[in-house]
1. Could you please find all residues in segment 69-83 being outside any helix (DSSP H, G or I) and under 22 Å from VAL29 (Cβ atoms)?
2. Return the residue satisfying two criteria in turn: it lies in segment 1-33 and is of a type in the set (Val, Ile, Thr) and in contact with an Asp or Glu (Cβ under 6 Å, 6 or more places away or on another chain), and of such residues it is farthest from ALA119 (Cα to Cα).
3. Inside segment 179-190, can you point out the residues that are open to solvent by less than 10 Å² (accessible area, probe 1.4 Å) and hydroxyl-bearing (Ser, Thr, Tyr)?
4. Would you be able to tell me the number of residues in segment 1-15 that are at pLDDT 95 or above, open to solvent by 50 Å² or more (accessible area, probe 1.4 Å) and not in a loop (DSSP other than H, G, I, E, B)?
5. Go through HIS61, HIS47 for me and flag whichever is more than 19 Å from TYR115 (Cα to Cα), open to solvent by 80 Å² or more (accessible area, probe 1.4 Å) and free of Cβ contacts under 8 Å to residues at least 40 places away in the same chain.
6. Just one of GLY200, GLY193 is over 23 Å from ARG133 (Cα atoms) and open to solvent by less than 50 Å² (accessible area, probe 1.4 Å); which is it?
7. Confirm whether GLU204 is on the phi < 0 side of the Ramachandran plot, modelled with pLDDT under 90, of a type outside the set (Lys, Arg) and in a strand (DSSP E or B).
Amino acid sequence: METKKVLLGPGEGYVEEKKSKFLAVAEPVNTEAQARAVVERQRKKYHDARHHVFAFQVGEHNEIQRYSDDGEPQGTAGMPVLQVILGEGVSNCVIVVTRYFGGTLLGTGGLVRCYGRAAKEALLDAGVGEVGRFDPISVTVDYAMQGKLSYEIGQRGLILEDTVFTDQVEFCLLCRQEETASLLQALQEMTSGRAKIVQGQTREGILAEGKIRLLP
């Protein structure tokens, strides 16, 4: 199954080189119109800047990719910003880098490096997560099975949302949809069919740093 990565939110980056200032912003967007609206917003916000370089890719299969050097030498600005997006594999993302000229020419290598660094900082500040479909699964077992089940959860890298202790132990898990069938079979075998297993409705979510944010 192909992994889709998205930004977790907006982010900013800043690079200064020989008094030239590069101010970057990265934002999640869903359409080309939204991406261009971010570009225009940055143009108005920093209306006295010389360059507003941008790159974005949007679409279900990243079919729309655009970039602009906005007056910088060809290949020194927009493409390095796009390469940051492509290198991280981020979908539905726009990055705009505004440059205030510092009076000293940076050369093609310097421009490539500065635009790329500013874009990278903005993307890292925004954060990146993986989009997937997840099944909520509740597993209730006797206390004698608690340790064994905890070990299995850790081995499989499952997301443990909660543990409820009553006369038994209930583990509330989130499992990638494509791994659910394998997990359910393993749980049945491990507990000899004595576990109470309840599978909830599949939800789309974003996985980042070992946590899942379910989407509406």
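The values are calculated or read from the model by the stated rules, or taken from the named source; none is laboratory data. Since this is a predicted model, take the numbers as computed values, not measurements. No Cβ is skipped: glycine too gets one built from the backbone with ideal geometry, and neighbour counts run over all protein chains shown. Remember, those area values only see protein heavy atoms, side chains included, never the ligands or the DNA or RNA. Shrake-Rupley method; radii C 1.70, N 1.55, O 1.52, S 1.80 Å.
1. Across segment 69-83, the qualifying residues are ASP69, ASP70, ALA77.
2. Ranking the candidates gives THR3 first.
3. Answer for segment 179-190, where residues must be open to solvent by less than 10 Å² (accessible area, probe 1.4 Å) and hydroxyl-bearing (Ser, Thr, Tyr): just THR180.
4. Final tally of qualifying residues: 2.
5. HIS61
6. Going through GLY200, GLY193 in turn, just one is over 23 Å from ARG133 (Cα atoms) and open to solvent by less than 50 Å² (accessible area, probe 1.4 Å): GLY193.
7. yes
For every residue, the table says whether it meets (1) in a loop (DSSP other than H, G, I, E, B); (2) under 15 Å from GLY210 (Cβ atoms); (3) at pLDDT 90 or above.
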| site | (1), (2), (3) |
| --- | --- |
| GLY129 | no, yes, yes |
| PHE134 | no, yes, yes |
| ALA144 | no, no, yes |
| TYR151 | no, no, yes |
| VAL164 | no, no, yes |
| ASP167 | yes, no, yes |
